[in-house]
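K.L.:
Quick one: the structure is below, and I'll ask about it shortly.
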2 protein chains.
Amino acid sequence: MALIVQKYGGTSVGSPDRIKNVAKRVARWKAMGHDVVVVPSAMSGETNRLIALAKEIMPTPDARELDVIAATGEQVTIGLLAMAIIQEGCKAKSYTGPQVRVLTDSTHTKARILSIDDEKIRKDLAEGNVVVVAGFQGADENGNITTLGRGGSDTSAVALAAALKADECQIYTDVDGVYTTDPRIVAEARKLDTITFEEMLEMASLGSKVLQIRSVEFAGKYKVKLRVLSSFTDEGEGTLITVEEDKNMEQPVISGIAFNRDEAKLTVLGVPDRPGIAYQILGPIADANVDVDMIIQNVGHDGTTDFSFTVNRSDFAKAQGVLESVKSHIGAREIVGDNKICKVSAVGVGMRSHPGVASQMFRALAEEGINMQMISTSEIKISVVVDEKYLELAVRVLHKTFGLDQA
Amino acid sequence: MALIVQKYGGTSVGSPDRIKNVAKRVARWKAMGHDVVVVPSAMSGETNRLIALAKEIMPTPDARELDVIAATGEQVTIGLLAMAIIQEGCKAKSYTGPQVRVLTDSTHTKARILSIDDEKIRKDLAEGNVVVVAGFQGADENGNITTLGRGGSDTSAVALAAALKADECQIYTDVDGVYTTDPRIVAEARKLDTITFEEMLEMASLGSKVLQIRSVEFAGKYKVKLRVLSSFTDEGEGTLITVEEDKNMEQPVISGIAFNRDEAKLTVLGVPDRPGIAYQILGPIADANVDVDMIIQNVGHDGTTDFSFTVNRSDFAKAQGVLESVKSHIGAREIVGDNKICKVSAVGVGMRSHPGVASQMFRALAEEGINMQMISTSEIKISVVVDEKYLELAVRVLHKTFGLDQA
């Protein structure tokens with residue numbers, strides 16, 4: 001008998017019928033003798049509806065009051081799901097985050113979990129209940145309702161699993177696991193049976209939107225066994241996200257090819273090659289609330305250098321405007337930009353022990369005539385920026401080059 | 001400077017625009033230097049939507065979980081209203097019932113308030129906030145979410161006013177006060193400036209659906225000054241519900257004419273006139289969950305008597321079936337019934353000190369040829385059952401007879 005925490009996303013609980021299906025699944029786990037804690041999101045569309053309602057009243061909603069409103073989305077789902085589980089013949093009780101209590105800091109709309117009181121849940125489990133806990137929410141030390149921000153239900157589930165020392169935290173979503181790359185681009189993409197937390201973090205931040213990145217960090221930190229599964233099929237074991245790479249197996253060098261279409265690049269040409277220039281460029285960008293992704297500065301010559309970075313494509317025009325306004329102040333020759341680019345990355349803990357992965361990647365791209373505009377590397381990841389028209393080709397070539405299409 | 005508790009019903013907060021109007025009104029009271037606590041209901045239609053959603057999952061919803069779901073209706077409104085008040089330039093903070101905390105018993109879906117902790121509210125008021133508290137809800141001693149049942153927001157407001165020793169509890173609704181009778185039936189109906197709690201109780205239970213009856217009892221018990229006002233006009237002082245009749249004024253004998261269309265009457269003819277017969281008849285009726293209103297048993301003759309009572313018209317067929325099934329057991333001769341009746345009542349504390357009110361009422365009805373089928377009296381009320389076709393006529397005649405059309 002194990003203690004399992006199951007998280008179901010908004011699509012999985014998007015209608016009364018889907019809630020009933022989730023209840024059937026929960027009841028099966030319970031019938032197998034397991035203790036089950038379920039963490040549902042709000043029904044799909046509900047959080048957006050509530051935020052739109054708030055904005056009708058106050059275009060930039062008061063954060064404390066927005067949390068009071070937004071938290072009701074999950075509160076409705078826990079009640080409905082608990083009823084559906086009772087209908088399946090199990091005992092069930094629901095709790096909001098504040099009721100549990102999930103203690104957070106006071107940063108409304110993006111609070112962080114500080115601690116979880118597991119007393120009520122343990123008591124209810126001991127009495128044979130399935131316990132349904134609202135994801136995405138908690139209360140600060142003064143009892144004010146807080147929410148964790150988008151995707152926060154994943155984090156709630158992982159934090160509950162950590163607090164309860166659960167045997168496994170299962171994240172049910174609309175895909176059946178983590179893939180070597182997007183199957184819509186590479187038909188041969190394979191579901192991974194396991195992936196390490198570090199790889200998952202790189203995959204997630206690069207656009208594989210299976211898991212909220214904060215929940216993966218949390219699971220890694222607290223050694224929670226995390227599994228991604230589909231809520232729409234009963235088959236398969238999903239993908240297990242492991243704390244360490246499996247030493248007993250021949251580990252593949254590369255675990256997956258991630259990519260991000262929503263990129264744009266900006267280059268400041270001919271800036272004086274002196275200390276502090278990067279801050280002079282990126283300071284105003286940060287002040288404009290634009291997130292920067294890759295940053296590249298090469299060695300200069302003749303006392304000047306070129307400075308490049310990428311931003312989300314929706315911030316391209318804003319970032320360009322900021323740079324133009326500071327151009328003369330920083331002594332730059334010219335600002336150039338391109339919003340028709342994308343980023344493709346090879347991710348794998350295996351590259352730590354296998355030299356030559358970068359050159360293998362660059363050769364494969366060169367053989368297809370794909371020009372790399374920027375290169376950035378970390379310990380377990382190599383990212384390149386290429387013209388967006390090459391995205392699919394680059395992903396397919398790299399997927400094949402690293403043998404990901406073979407089981 | 002006074003401390004005012006204002007309650008706004010579902011229609012008054014039924015849309016973002018109406019919520020903004022409520023916020024403007026609240027801000028005006030605040031600007032006059034008063035401390036204001038606001039208790040809104042759920043937006044009109046929202047509670048029904050949530051209950052329907054629950055019933056899609058579980059036809060007879062689990063009461064604990066239904067409360068978890070239903071409580072979100074008011075939770076959304078408090079957040080929206082607090083934002084709207086902030087938009088008006090005031091400081092505002094919202095609280096759910098459990099946050100306050102409003103302690104109730106554990107009778108889910110119709111809980112009773114046991115106590116209210118006023119600490120948070122007093123602190124926020126002292127800091128200059130308008131405090132917005134969700135009506136209709138609370139939490140039991142174990143922190144489970146409870147609701148007070150239909151109309152519970154009135155009770156929440158009165159209970160808060162009592163706990164805070166507020167100077168006045170204002171119930172904003174879609175009528176501008178309590179009338180001598182329904183203006184749709186009698187054009188000359190006048191708004192009452194004051195009415196006693198006792199009279200209001202009789203008016204409410206007889207179908208004047210201005211205030212939830214439990215809230216009136218509560219206000220009477222805790223001596224809360226209660227005022228009914230319209231949220232759609234800025235004029236008028238509404239109707240003040242007073243603890244005692246005003247000794248200084250010439251009190252009218254009758255304060256209002258109440259009526260109820262939804263009645264049906266049942267008569268058990270020729271039952272043995274012996275002790276226990278009333279219980280033998282009404283016991284099975286109660287077991288079938290049918291509420292009985294008026295009960296009449298006249299003196300018998302020849303060892304038998306006739307026993308009559310009225311029920312809500314929707315329970316007529318059910319009650320009839322119950323009586324038929326016990327007819328031979330109780331030794332009755334015949335069961336007769338009529339669901340085309342109505343009840344008309346004259347209400348007034350003045351009748352305590354004015355004899356002859358009943359005969360004045362009966363003569364007025366007789367002069368119009370209206371036959372009274374049943375008569376029932378209390379200390380401050382006389383009710384008669386008449387054919388429903390006479391309802392409007394009877395109400396108009398009595399309204400005029402007791403001089404209610406004159407200011």
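Only the coordinates and a few stated rules stand behind these numbers; no lab work does. All of these numbers come straight from a predicted model, not from anything done at the bench. Here Cβ is always computed from backbone atoms with ideal geometry, including for glycine, and neighbour counts include all displayed protein chains.
K.L.:
Note down the nm distance, to one decimal, between modelled labels 7 Å out along Cα→Cβ at A:Lys327 and at B:Glu188.
P.N.:
My value for the distance between the label points is 8.6 nm.
K.L.:
Label position 7 Å from Cα toward Cβ: report the copy-to-copy distances for B:Gly276 in nm, one decimal, ordered from shortest.
P.N.:
10.4
K.L.:
Kindly give the distances from B:Asp117 to its copy-mates, label point to label point, with each label point 7 Å from Cα along Cα→Cβ, as nm values to one decimal ordered shortest first.
P.N.:
Here the equivalent label points are 1.0 nm apart from this one.
K.L.:
Let me ask something else. Just need the relative contact order of chain A here, percent rounded to a whole number, with Cα pairs under 8 Å and 6+ apart. List each step's numbers first, then the result.
P.N.:
Values: 885 pairs, mean separation 54.3, N = 407.
It rounds to 13 percent for chain A.
K.L.:
At a Förster radius of 56 Å, what calculated FRET efficiency corresponds to the Cβ-Cβ distance of A:Lys318 and B:Phe232, to the nearest 0.05?
P.N.:
0.80
K.L.:
Something else about it: Among A:Asp302, A:Asp62, A:Asp167, which comes first, second and so on when ranked by fewest other beta-carbon atoms within 10 Å?
P.N.:
A:Asp302, A:Asp167, A:Asp62
K.L.:
Same structure, new question: Where the only charges are on Cβ atoms (+1 Lys, Arg; -1 Asp, Glu), what is the dipole of segment A:149-216 about its Cα centre, to the nearest 20 debye?
P.N.:
It works out to roughly 240 debye.
K.L.:
Moving on to the next point. Towards the positive end of the charge dipole of chain B, with charges on Cβ (+1 Lys, Arg; -1 Asp, Glu), say which of B:Val36, B:Thr173, B:Leu201 has the farthest Cα.
P.N.:
Positive-most Cα among the choices belongs to B:Val36.
K.L.:
Once the piece of chain linking A:Thr107 and A:Ala63 is laid out straight, how much longer is it, given 0.36 nm per residue of separation minus the C-alpha distance between them? Walk me through the intermediate numbers first.
P.N.:
Values: separation 44, 0.36 × 44 = 15.84 nm, distance 0.86 nm.
Additional length available on full extension: 15.0 nm.
K.L.:
Report, as an integer, the average count of C-beta atoms from other chains found within 10 Å of each Cβ along B:78-90.
P.N.:
Other-chain Cβ atoms within 10 Å of each residue's Cβ, averaged: 5.
K.L.:
Expressed as an acute angle from 0 to 90° and rounded to the nearest 10, what is the orientation of the C-alpha long axis of helix A:46-57 relative to the principal long axis of chain A?
P.N.:
With rounding to tens, the tilt is 70 degrees.
K.L.:
Taking θ as phi - 60°, what are the ³J(HN,Hα) couplings along segment B:323-333 by the Karplus curve (6.51, -1.76, 1.60), each to the nearest whole Hz, with x for Gly and Pro?
P.N.:
5, 4, 6, 9, 3, 5, 4, 8, x, 7, 7
K.L.:
Arrange the following residues from fewest to most other Cβ atoms within 10 Å of their Cβ: A:Lys120, B:Lys123. Write down the numbers at each step before the final one.
P.N.:
Working: A:Lys120 17, B:Lys123 12.
Sorted ascending by nearby Cβ count, the order is B:Lys123, A:Lys120.
K.L.:
Something else now. With a Förster radius of 22 Å, plug the Cβ-Cβ distance of A:Glu367 and A:Gln406 into 1/(1 + (r/R0)^6) and report the FRET value to the nearest 0.05.
P.N.:
Once the sixth-power term is evaluated, E becomes 0.65.
K.L.:
Between segment A:1-57 and segment B:48-107, what is the separation of their alpha carbon centroids in Å?
P.N.:
20 Å
K.L.:
Could you compute the net charge surrounding B:Arg28? Neighbours are other residues with a C-beta less than 11 Å from the C-beta of B:Arg28; K and R count +1, D and E count -1. The partial results should precede the final answer.
P.N.:
Working: positive: B:Lys24, B:Arg25, B:Lys30; negative: B:Glu88, B:Asp234.
Neighbourhood net charge equals +1.
K.L.:
Now, a different point. Looking only at segment B:157-195, which residues have a backbone nitrogen under 16 Å from a spot 7 Å from the Cα of B:Arg28 in the C-beta direction?
P.N.:
So the set is B:170-177.
K.L.:
Taking every pair of alpha-carbon atoms in the protein assembly as shown, what share in percent sits in each 20 Å bin, from 0 to the bin with the longest distance?
P.N.:
With a bin width of 20 Å, the distribution comes to 14, 33, 30, 15, 7, 1, 0.
K.L.:
Now a separate question. With +1 on the Cβ of every Lys and Arg and -1 on the Cβ of every Asp and Glu, and nothing else charged, how large is the dipole of segment B:54-176 about its Cα centre, in debye rounded to the nearest 20?
P.N.:
Roughly 180 debye for segment B:54-176.
K.L.:
Order of A:Ser231, A:Ser359, B:Ser115 from fewest to most other C-beta atoms within 10 Å?
P.N.:
Working: A:Ser231 23, A:Ser359 9, B:Ser115 12.
Ascending number of Cβ neighbours within 10 Å: A:Ser359, B:Ser115, A:Ser231.
K.L.:
Something else about it: Which FRET efficiency value, to the nearest 0.05, is calculated for A:Asn48 and A:Val243 with the Förster distance at 41 angstrom and r the Cβ-Cβ distance? Mind showing how you got there, number by number?
P.N.:
Working: r = 35 Å, r/R0 = 0.85.
After rounding, the FRET efficiency stands at 0.70.
K.L.:
How far, in nm, would the chain grow between A:Lys221 and A:Glu379 when pulled straight, counting 0.36 nm per residue and subtracting the alpha carbon separation?
P.N.:
55.0 nm
K.L.:
In peptide B:93-102, how many Cβ atoms from other protein chains are near each Cβ within 10 Å, on average?
P.N.:
The per-residue average across the peptide is 4.
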